[in-house]
Amino acid sequence: MKKVFFLLSFIILSSCISKQVVTITKLKGSPIYDTSELKLLGIDSLLSSTDYNFSFQADNFELGEQTQGAIQNGLANSSKGQHIHFIVNNDPYSAHYDQNFSKELKNENNVILAFLSRSFHESVKNQKAYILTQVAKNKSDEIDLSQEFLFYSRPKGVYKGDDTKKLLLDFYLVNTNLSSKGNKVRLTITQKTFTHQFLLDSWEPYYIEGLDKGRVSLKLELLNKNMDLIESDFNPSFRKIVLE
């Protein structure tokens, strides 16, 4: 039988009874960058048909700077500082510390989300802090960018040592938001024989605690008010991470 607990503004669904206690908690106290803005200045194709130069401008946000409180919050932190998360077709992001960089785009259509990130990989969530665009070889391959989107960001990759104790959960919403009476995000965490589900009704960063060392599978689903999966590109999202 599922047990439902109300905690602050999100709901935790316990899908199994086990000795593994996994929790998520809202991340508080991060610097607020409500005037920060990311602008796309240009996308230029190189001689190769799959290589492109991207040019951005970050206003009221210092790329390469360490975010205040980055070490104190206990989350994995980039020694290179604040950066741009660059996501293509909801694949794992690449981090960029300069405003100009090159990327290889192999697909017929490439939906690109870029957003400003604190040095510990928490996204800046104001309405001017991101760019959503697409690069398609043919106009017919383009998708509708007015859809309700959820893009996966963190956790990502391999975590070692103290970085395994507290993992940042962060995702990016475009053309939608979350509320107790509206859309929600369901997070499913699976490790070994244990599965844990969390239902989120506010768009905020969280941290995950209680996972064992080893492989972990995560799934994020954007749901409507009736708890049905919203039919949009890249929904749901799946990732596998490793804790060493």
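Order these peptides, 189-199, 175-185, by their mean beta-carbon neighbour count within 10 angstrom, highest first.
Working: 189-199: 17.6, 175-185: 15.0.
The peptides rank, most packed first, as 189-199, 175-185.
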- Quote the relative contact order of the chain in percent (integer), defining contacts as alpha-carbon pairs under 8 Å separated by 6+ residues. 20 percent
- Task: Might you report the magnitude of the Cβ-based charge dipole of the chain about its Cα centre, with Lys and Arg at +1 and Asp and Glu at -1, to the nearest 20 debye?
- Result: 1160 debye
- Query: Put +1 on the Cβ of every Lys and Arg and -1 on every Asp and Glu Cβ in the chain; which of GLY161, GLY182, PHE149 then has its Cα farthest towards the positive end of the dipole?
  - Reply: GLY161
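Please list the three semi-axes, largest first and in whole Å, of the ellipsoid equivalent to the chain, using sqrt of 5 times the eigenvalues of its alpha carbon gyration tensor.
The three semi-axes for the chain are 30, 21, 17 Å.
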- For ILE43 paired with GLN57, estimate the spin-label separation in nm (one decimal), with each label point 7 Å from Cα along the Cα-to-Cβ line. 1.9 nm
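Over 25 Å between Cα atoms: which of LYS28/LYS165; LYS160/LYS192; LYS39/LYS225 fall into that group?
Details: LYS28/LYS165 17 Å; LYS160/LYS192 19 Å; LYS39/LYS225 33 Å.
As for pairs spanning more than 25 Å Cα to Cα, those are LYS39/LYS225.
In debye, nearest 20: dipole of region 148-244 around its Cα centre with unit charges on the Cβ of K, R (+) and D, E (-)?
Working: 15 positive and 13 negative charges, 67 e Å.
Dipole size: approximately 320 debye.
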- Normalised alpha carbon radius of gyration of region 172-244 [divisor 2.2 N^0.38 Å]: 1.17
- Förster radius 25 Å - calculated FRET efficiency between LYS225 and SER146 (Cβ-Cβ, nearest 0.05): 0.80
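So, by mean Cβ neighbours within 10 angstrom, what's the order for 23-34, 75-86, 137-148 with the highest one leading? Before the final figure, lay out the partial values.
Numbers: 23-34: 14.0, 75-86: 19.5, 137-148: 11.7.
The packing order, highest mean first, is 75-86, 23-34, 137-148.
By how many nm would the segment from LYS181 to THR133 grow when fully extended, if each residue of separation counts as 0.36 nm and the alpha-carbon distance is taken off? Walk me through the numbers before you get to the answer.
On the way: separation 48, 0.36 × 48 = 17.28 nm, distance 2.96 nm.
Separation in residues times 0.36 nm, less the Cα-Cα distance, equals 14.3 nm.
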- Query: Using the per-residue mean of other Cβ atoms lying within 10 Å as a proxy for protection, in what order, highest first, do the peptides 56-65, 113-122 fall?
  - Reply: 113-122, 56-65
- Percent of all Cα-Cα pairs per 10 Å bin for region 37-141, counting from 0 up to the last occupied bin, reads 15, 45, 29, 9, 2
- Message: What distance in nm separates the two pseudo spin-label positions at SER102 and ILE32, each 7 Å out from Cα along the beta-carbon direction?
- Response: 4.2 nm
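Each reported figure results from applying straightforward, stated rules to the coordinates on display, with no laboratory input. Since we're looking at a predicted model, the values are computed, not measured. When we count neighbours, we look across all protein chains shown, and the Cβ atoms used for this are built from the backbone with ideal geometry, even at glycine.
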